[in-house]
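Chemist: Pasting in a structure now, in structure tokens, and then I'll have a few things to ask.
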Amino acid sequence: MISIKDLTVRIGEKVILDHIDLNIPKNSWTCLVGPNGAGKTTLLKALLGVTPYSGSLRDDNAEVYRNQKRNVAFVPQQPQIPAGMTVSEYVMMGRSKRDGWGNESVRSRSLVQNILEQTQLFGLHNQYITRLSGGEMQRALIARALAQEPKLILLDEPTSALDLHHQISTLNNIELLKDVGVTIISTMHDITLAAMYAERIVVMHEGKILLDGLAQSVIHSPELKMAFDNRINVYTLDSGRPVIVAAKDYLN
Amino acid sequence: MPIRRDPSAPQMGPMWNWRITAISALVLFAVAVLGVSLGPIHLNFWKVIKTLFGFPHGLQGQERVLLLDLRLPRVLLAALVGAALSTSGAVYQTVFRNPLADPYLLGAASGAGLGATLAITSSGGNVYGLLPIFSFVGGVLAVLTTFFISGKFFAEPNSLLLSGIAVGSFGTAIQTYLQQRHSSALRPVYSWILGELTIANWQVVRWSSLYIVSAILILITVSKQLDGLLLSDEESFSLGINPNKLRIIAVAAATLATATAVAASGLIGFVGIVVPHLVRGITHRVTNRSLATMAFAGAAFLVLADLGARTLLSPAELPIGVITAFVGAPFFLFVLRKKRVGS
């Protein structure tokens, strides 16, 4: 259980997160949605432990700031891509915390091999990471996060650079983590996709949380529309699945 | 997660290959023997080896003095400086995620240059007593100033880089002004800027080896983690690294090695870029696990360059910086071009 109480993050004078209270249950997929500048990425970084905050942000009853005893994987929106490193070396870095940097245990090697197969990267394992396409790079990032065998995984817009097919395959890969008891927290601009995968959706706006609840109820709530200044429309397909699109007529 | 063991699984291979390190150490030894044997007076290889290892029937008389008191300290100093510059270059390239970063990036060169100019203009006669101290202090002070004006410690590698450029220009401006006022200093300052190993003696070897060897040992100790700095700070934090602390340790050790090298030998360019890229080209590894190899390779490269400097126009001597730049500048363009094609 992650429990956030009265969490405030300031950068200089600017308040990025404004007195947030939130509880995130274990072994669930929670998705943070909201317009640009709502504070989603800042909240992810605070959850990782790299952003100073006031208030309390506890994971298993321990404050998270600068706490490296936890095992948290982080998948950034714009990763630094090291030149001259192969895909398997890159994914193997996920084992560094467990094996110690520069060491590779036998278990790590076979685990990484399985992960490369699972993320359809096996044929590319000797390829340089800089040569990968956007979709392959995203899979390599997910693969590295899987290699960490984390308890919590934080993903910042994991699908933003991907085509429709790869969005689904990436999200399917992430969903597998739930089977092994991992807590997933992601940000996502595509709320339709968020509702398809996450059980819980947290709607953020200007550093505050407008609504937090089960995906199906949040999708149809007025708060979601409010967060986007009523610039979105929510439709329901015959199958009952909600679809959220930007309101075209608003601009006119 | 279930683990399936497959005996036919392709090995991903160790990231650090001790064989390449051993070969580079052997190359260094061979080059060093060559370095102490060749010169205006050639010495017999076998006798040189016998003398070095204390076996009987080695060199005698003047040849022995030439080997032990003149050539050996010079070759050792070249090796130390080469090792210092190539490892610091590799580390700077990682810390700044920039393949063209060199050890002089944070103002060490211009700070040391200013220190050397001050030593030469203020000392009158005894230049070589003050010069190493002044240039060492100047180099370290310049890097500290760079840190100071970049604001937060390592807030961002790019801001540090820009501060380094500003500090560098400022130091060079003062240096140029001093040279203008003391035109007699022009020639010694200029020859120092081109790099020279002529001050080599056992005393210089002793103090420079103390600093350079400790700095390289520190760098090799943290080198496994340095790969993590190639990622964003958030990613490296999640992989168990404290990126700010690691960067400070790495840059501090690299600066100690660089400032010592500069104090002992002036500004020898391009070693810090050429050697790390050559080693990476041979080992096909971006990683810093080959830092020991880079130290040996850098040492061998500079011993060879110094041999060229002493023998090409013998008995006259070329500045060693001319040799390294002659090899280094075309290589620099090659790396630039390859990087552009690669990206």
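The values are calculated or read from the model by the stated rules, or taken from the named source; none is laboratory data. Note that the coordinates shown come from a computational prediction; the quantities given were computed from them, not determined experimentally. Positions of Cβ are generated from backbone atoms using ideal geometry, with glycine treated the same way; all protein chains shown enter the neighbour counts. Calculation scope for accessible area: heavy atoms of the full protein, side chains included, ligands and nucleic acids excluded. Shrake-Rupley method; radii C 1.70, N 1.55, O 1.52, S 1.80 Å.
Chemist: Can you find a residue that is within 14 Å of chain A (Cβ to nearest Cβ) and of a type outside the set (Gly, Ala, Ser) anywhere in the range B:172-181?
Modeler: Looking for residues that are within 14 Å of chain A (Cβ to nearest Cβ) and of a type outside the set (Gly, Ala, Ser), one finds none in the range B:172-181, hence no.
Chemist: Would you be able to tell me the number of residues in the range B:167-226 that are farther than 19 Å from B:Gly107 by Cβ and part of a helix (DSSP H, G or I)?
Modeler: 33
This table checks each residue for (1) on the phi > 0 side of the Ramachandran plot; (2) touching a residue at least 40 places away in the same chain (Cβ under 8 Å); (3) assigned to a strand (DSSP E or B); (4) open to solvent by 10 Å² or more (accessible area, probe 1.4 Å).
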{"residue": "A:Ser160", "(1), (2), (3), (4)": "no, yes, no, yes"}
{"residue": "A:His166", "(1), (2), (3), (4)": "no, no, no, yes"}
{"residue": "A:Gly181", "(1), (2), (3), (4)": "yes, yes, no, yes"}
{"residue": "A:Ala194", "(1), (2), (3), (4)": "no, yes, no, no"}
{"residue": "A:Ile244", "(1), (2), (3), (4)": "no, yes, yes, yes"}
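Chemist: Being within 15 Å of A:Ser186 (Cα to Cα), among the polar types (S, T, N, Q) and either without any contact (Cβ under 8 Å) to a residue 24 or more places away in the chain or assigned by TED's automatic domain parsing to the domain that holds A:Gln216 (or both), is that true of even one residue in the range A:50-61?
Modeler: Scanning the range A:50-61 turns up no residue that is within 15 Å of A:Ser186 (Cα to Cα), among the polar types (S, T, N, Q) and either without any contact (Cβ under 8 Å) to a residue 24 or more places away in the chain or assigned by TED's automatic domain parsing to the domain that holds A:Gln216 (or both).
Chemist: Working carefully through the options A:Ile201, A:Ile185, find the one that is away from every other protein chain (no Cβ under 14 Å) and touching a residue at least 12 places away in the same chain (Cβ under 8 Å).
Modeler: Details: A:Ile185 fails: away from every other protein chain (no Cβ under 14 Å).
Just one listed residue meets the conditions, A:Ile201.
Chemist: Kindly indicate whether any position in the range A:129-140 is assigned to a loop (DSSP other than H, G, I, E, B), open to solvent by 10 Å² or more (accessible area, probe 1.4 Å) and out of contact with any strand residue (DSSP E or B) (no Cβ under 6 Å at 6 or more places or on another chain).
Modeler: yes
Chemist: Still on this structure, I have one more. On the given criteria, is A:Ala147 touching a residue at least 40 places away in the same chain (Cβ under 8 Å), within 28 Å of A:Thr42 (Cβ to Cβ) and in contact with a Phe, Trp or Tyr (Cβ under 9 Å, 6 or more places away or on another chain)?
Modeler: No; evaluated as a whole, the condition is false for this residue.
Chemist: Within the range B:55-87, how many residues turn out to be on the phi > 0 side of the Ramachandran plot and either touching a strand residue (DSSP E or B) at 6+ places or on another chain (Cβ under 8 Å) or surrounded by 14 or more Cβ atoms within 10 Å (Cβ to Cβ) (or both)?
Modeler: The qualifying residues number 0.
Chemist: Out of the residues in the range A:77-88 that are at the interface with another protein chain (Cβ under 9 Å from one of its Cβ atoms) and open to solvent by less than 10 Å² (accessible area, probe 1.4 Å), state the one that is farthest from B:Phe96 (Cα to Cα).
Modeler: A:Ser88
Chemist: If you check B:Leu278, B:Leu307, which single one turns out to be closer than 30 Å to A:Gly100 by Cβ and open to solvent by 10 Å² or more (accessible area, probe 1.4 Å)?
Modeler: Only one candidate qualifies: B:Leu278.
Chemist: Residue check: is A:Ala73 open to solvent by 10 Å² or more (accessible area, probe 1.4 Å) and not polar (S, T, N, Q)?
Modeler: no
Chemist: Now, a different point. What's the number of the condition A:Asn114 fails, among (1) under 21 Å from A:Lys40 (Cβ atoms); (2) within 12 Å of chain B (Cβ to nearest Cβ)?
Modeler: Every condition holds for A:Asn114 apart from (1).
Chemist: Return yes when A:Arg58 is within 13 Å of chain B (Cβ to nearest Cβ), of a type in the set (D, E, K, R) and out of contact with any His (no Cβ under 8 Å at 6 or more places or on another chain) and no when it is not.
Modeler: On the way: within 13 Å of chain B (Cβ to nearest Cβ): no; of a type in the set (D, E, K, R): yes; out of contact with any His (no Cβ under 8 Å at 6 or more places or on another chain): yes.
Here the answer is no, as A:Arg58 does not meet what is asked.
Chemist: Return the residue satisfying two criteria in turn: it lies in the range A:53-91 and is among the aliphatic types (A, V, I, L, M) and more than 20 Å from B:Arg97 (Cα to Cα), and of such residues it is farthest from the chain's Cα centre (by Cα). Step through it out loud before you land on a result.
Modeler: Taking the range A:53-91 and keeping what is among the aliphatic types (A, V, I, L, M), we get A:57, A:62, A:64, A:72-73, A:75, A:81, A:83, A:85, A:87, A:91.
This time we only want the ones that are more than 20 Å from B:Arg97 (Cα to Cα), so: A:57, A:62, A:64, A:72-73.
Working: A:Leu57: 18, A:Ala62: 21, A:Val64: 17, A:Val72: 11, A:Ala73: 9 Å.
Selected residue: A:Ala62.
Matching residues to (1) under 17 Å from the mean Cα position of the chain (by Cα); (2) modelled with pLDDT of 90 or more; (3) under 21 Å from A:Leu48 (Cβ atoms):
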| position | (1), (2), (3) |
| --- | --- |
| A:Leu176 | yes, no, no |
| A:Asp179 | yes, no, no |
| A:Ile201 | yes, yes, yes |
| A:Leu214 | no, yes, no |
| A:Phe228 | no, no, no |
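Chemist: Also: Test B:Asn158 against the stated conditions and say whether it is of a type outside the set (Val, Ile, Thr), surrounded by fewer than 21 Cβ atoms within 10 Å (Cβ to Cβ) and more than 14 Å from chain A (Cβ to nearest Cβ). Don't jump to the end; show me each part of the working.
Modeler: Values: of a type outside the set (Val, Ile, Thr): yes; surrounded by fewer than 21 Cβ atoms within 10 Å (Cβ to Cβ): yes; more than 14 Å from chain A (Cβ to nearest Cβ): no.
When the stated conditions are applied, B:Asn158 does not pass them.
Chemist: So, one more: Can you tell me which residue within the range B:224-266, out of those that are open to solvent by 30 Å² or more (accessible area, probe 1.4 Å) and among the aliphatic types (A, V, I, L, M), is farthest from the other protein chains (Cβ to nearest Cβ)?
Modeler: B:Leu256
Chemist: Within the range B:106-120, is there a residue that is in contact (Cβ under 8 Å) with a residue 12 or more places away in the chain, within 23 Å of B:Phe147 (Cβ to Cβ) and not in a helix (DSSP H, G or I)?
Modeler: Yes, because at least one residue in the range B:106-120 is in contact (Cβ under 8 Å) with a residue 12 or more places away in the chain, within 23 Å of B:Phe147 (Cβ to Cβ) and not in a helix (DSSP H, G or I).
Chemist: Shifting gears a bit: List every residue pair whose Cβ atoms lie under 9 Å apart, where the two residues are 6 or more positions apart in sequence or sit on different chains, the first residue falls within the range B:59-73 and is charged (D, E, K, R), and the second residue, located anywhere, is open to solvent by 80 Å² or more (accessible area, probe 1.4 Å) and assigned to a helix (DSSP H, G or I).
Modeler: Note: pairs meeting the criteria are B:Glu63/B:Lys47; B:Asp69/B:Trp202.
Chemist: All but one of (1) more than 14 Å from chain B (Cβ to nearest Cβ); (2) within 14 Å of the chain's Cα centre (by Cα) hold for A:Ile168; which doesn't?
Modeler: Answer for A:Ile168: the failing condition is (2).
Chemist: Still on this structure, please answer the following. Does at least one position in the range A:206-225 carry a residue that is out of contact with any strand residue (DSSP E or B) (no Cβ under 8 Å at 6 or more places or on another chain) and not in a helix (DSSP H, G or I)?
Modeler: no
Chemist: Can you confirm whether A:Leu155 is of a type outside the set (Gly, Ala, Ser), closer than 16 Å to A:Ser28 by Cα and part of a strand (DSSP E or B)?
Modeler: yes
Chemist: Among the residues of the range B:164-205, which ones are touching a Pro at 6+ places or on another chain (Cβ under 8 Å) and open to solvent by 50 Å² or more (accessible area, probe 1.4 Å)?
Modeler: B:Asn201, B:Trp202
Chemist: Looking only at the range A:1-50, which residues are among the charged types (D, E, K, R) and open to solvent by less than 70 Å² (accessible area, probe 1.4 Å)? Before you say what the answer is, go through the steps one by one.
Modeler: At the first step, the residues of the range A:1-50 found to be among the charged types (D, E, K, R) are A:5-6, A:10, A:13-14, A:18, A:21, A:26, A:40, A:45.
Answer for the range A:1-50, where residues must be among the charged types (D, E, K, R) and open to solvent by less than 70 Å² (accessible area, probe 1.4 Å): A:Asp18, A:Lys40, A:Lys45.
Chemist: While we're on this one: So, in the range A:95-108, exactly how many residues are at the interface with chain B (Cβ under 7 Å from one of its Cβ atoms) and surrounded by 18 or more Cβ atoms within 10 Å (Cβ to Cβ)?
Modeler: Quick first cut of the range A:95-108, residues at the interface with chain B (Cβ under 7 Å from one of its Cβ atoms) only: A:96-97, A:101-102, A:107.
Retained after the next criterion (residues that are surrounded by 18 or more Cβ atoms within 10 Å (Cβ to Cβ)): A:96-97, A:101.
Within the range A:95-108, residues that are at the interface with chain B (Cβ under 7 Å from one of its Cβ atoms) and surrounded by 18 or more Cβ atoms within 10 Å (Cβ to Cβ) number 3.
Chemist: Only one of (1) under 17 Å from A:Ile81 (Cβ atoms); (2) among the charged types (D, E, K, R); (3) out of contact with any strand residue (DSSP E or B) (no Cβ under 8 Å at 6 or more places or on another chain) fails for B:Lys224. Which number is that?
Modeler: (1)
Chemist: Now for a separate question. Please determine, by comparing only the residues of the range A:18-50 that are under 23 Å from A:Gly181 (Cβ atoms) and of a type in the set (Ser, Thr, Tyr), which one is modelled with the highest pLDDT.
Modeler: A:Thr30
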